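Note sheet for the following structure.
The values are calculated or read from the model by the stated rules, or taken from the named source; none is laboratory data. Here the structure is a predicted model, which means the values were calculated and not measured. Don't worry about glycine lacking a Cβ; one is built from the backbone with ideal geometry, like all the others, and counts go over all protein chains shown. Just so you know, the surface numbers come from the protein's heavy atoms only, side chains and all, with ligands and any DNA or RNA stripped out. Shrake-Rupley method; radii C 1.70, N 1.55, O 1.52, S 1.80 Å.
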Amino acid sequence: IISIERNFERSKINQKGCIWSTETQRYRSLSDLKVGIMGVGDIGKTIASDLISLRCKDIHGLVFSPREDGDISYHTSLKSFLQSGCDYIINVLPSTSSTVGLLNGDALSVLSDHPPIFINVGRGDVINESSLLEALEKRWIGGAVLDVFESEPLPEKSRLWEIPSVVITPHVSGVSNAEQASMQFVKNLNRYLGKMPLLYEVDWTYLKV
């Protein structure tokens with residue numbers, strides 16, 4: 001978000017051309033932005049917490065069961081969530097029977113009056129490529145930062161590679177290292193042995209088989 005708002009890409013281009021320009025200094029602060037998070041589990045809550053620490057004051061969350069939180073405005077309806085006027089929408093939903101294809105077709109057309117930047121670091125099958133391309137071409141969304149895709153690796157023939165308003169990374173937004181994984185295992189093992197609730201439990205009922 002900071003990179004887009006401060007136009008770091010333009011600064012890099014200017015650097016290559018030895019151009020001293022202050023045009024990139026006109027930007028919105030996080031306190032000026034409304035950010036939506038699709039999926040407010042452990043990852044979504046961490047994103048919200050990080051945004052709040054950077055003074056983002058208006059955060060909306062899409063969830064599938066009602067909840068209350070003073071820092072986040074929750075929506076159980078996709079339409080209500082999308083119509084909340086967010087500047088950025090971040091997807092961290094898992095792949096389940098309820099989320100596959102959730103944004104397919106013209107689901108994002110309700111964003112046309114205020115096209116946000118769509119950031120997908122959840123699962124690529126929340127929207128298929130043809131729907132994503134349509135949303136970009138019709139300006140339902142103003143751009144996209146994509147770390148996950150319907151098909152991975154992203155095929156060379158994909159049109160997404162060529163769109164200037166799209167940033168592509170190869171499914172690396174949440175890389176785990178061995179030390180972190182082992183520490184988490186030991187923490188959960190101790191909780192299990194102490195007959196305490198485990199952290200990061202998966203509800204297999206909703207998982208895609």
(Q) Out of the residues in region 109-126 meeting the condition of being more than 22 Å from Ala48 (Cβ to Cβ) and over 12 Å from the mean Cα position of the chain (by Cα), tell me which one is surrounded by the most Cβ atoms within 10 Å (Cβ to Cβ). (A) Asp125
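Return yes when Phe64 is open to solvent by 10 Å² or more (accessible area, probe 1.4 Å), out of contact with any Ser or Thr (no Cβ under 6 Å at 6 or more places or on another chain) and within 20 Å of Val121 (Cα to Cα) and no when it is not.
Answer is yes for this residue.
Can you say whether Asp50 is at negative phi and at pLDDT below 95, as far as the supplied structure shows?
no
Would you mind stating whether Leu93 is under 17 Å from Val166 (Cβ atoms), of a type in the set (A, V, I, L, M, F, W, C), in a loop (DSSP other than H, G, I, E, B) and under 14 Å from the mean Cα position of the chain (by Cα)? Explain how you work it out, then say what you get.
On the way: under 17 Å from Val166 (Cβ atoms): no; of a type in the set (A, V, I, L, M, F, W, C): yes; in a loop (DSSP other than H, G, I, E, B): yes; under 14 Å from the mean Cα position of the chain (by Cα): yes.
So Leu93 does not fit the description; no.
Among the residues of region 162-173, is any in contact with a strand residue (DSSP E or B) (Cβ under 7 Å, 6 or more places away or on another chain), surrounded by 16 or more Cβ atoms within 10 Å (Cβ to Cβ) and not charged (D, E, K, R)?
Here is the first cut: in region 162-173, the ones in contact with a strand residue (DSSP E or B) (Cβ under 7 Å, 6 or more places away or on another chain) are 165-168.
Narrowing the set further to residues that are surrounded by 16 or more Cβ atoms within 10 Å (Cβ to Cβ) leaves 166-167.
Then drop every residue that is not not charged (D, E, K, R), which leaves 166-167.
Yes, because at least one residue in region 162-173 is in contact with a strand residue (DSSP E or B) (Cβ under 7 Å, 6 or more places away or on another chain), surrounded by 16 or more Cβ atoms within 10 Å (Cβ to Cβ) and not charged (D, E, K, R).
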**Q.** Which numbered condition Cys86 misses (of (1) in a helix (DSSP H, G or I); (2) out of contact with any Leu (no Cβ under 6 Å at 6 or more places or on another chain))
**A.** (1)
Q.
Any residue at all in region 48-61 that's of a type in the set (Asp, Glu) and either surrounded by 16 or more Cβ atoms within 10 Å (Cβ to Cβ) or within 17 Å of Ser165 (Cβ to Cβ) (or both)?
A. yes
Q: With respect to Ser98, determine if the residue is surrounded by fewer than 18 Cβ atoms within 10 Å (Cβ to Cβ) and assigned to a helix (DSSP H, G or I).
A: no
Q: Name every residue in region 128-143 that is part of a loop (DSSP other than H, G, I, E, B) and either touching a residue at least 40 places away in the same chain (Cβ under 8 Å) or open to solvent by less than 10 Å² (accessible area, probe 1.4 Å) (or both), in order of residue number.
A: Ile141
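Any chance region 152-162 includes a residue that's under 27 Å from Phe64 (Cβ atoms), outside any helix (DSSP H, G or I) and modelled with pLDDT of 95 or more? Talk me through it step by step, then tell me what you get.
Start the filter on region 152-162 by keeping residues that are under 27 Å from Phe64 (Cβ atoms), which leaves 152.
Checking which are outside any helix (DSSP H, G or I) leaves us with 152.
The next check asks that each one be modelled with pLDDT of 95 or more; those that pass are 152.
Scanning region 152-162, I find at least one residue that is under 27 Å from Phe64 (Cβ atoms), outside any helix (DSSP H, G or I) and modelled with pLDDT of 95 or more, so the answer is yes.
In region 1-59, what residues are polar (S, T, N, Q), assigned to a helix (DSSP H, G or I) and under 23 Å from Pro115 (Cβ atoms)?
Within region 1-59, Ser3, Thr24, Ser31 meet the criteria.
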Q: Check region 74-95 and report whether any residue there is more than 23 Å from Ile1 (Cα to Cα) and at pLDDT below 95.
A: yes
**Q.** Options Ser182, Ser109: the member that is more than 23 Å from Ser65 (Cα to Cα), in contact with a Lys or Arg (Cβ under 9 Å, 6 or more places away or on another chain) and assigned to a helix (DSSP H, G or I)
**A.** Ser109
Q. Taking Ser173, is it assigned to a loop (DSSP other than H, G, I, E, B), among the polar types (S, T, N, Q) and over 20 Å from Asp42 (Cβ atoms)?
A. no
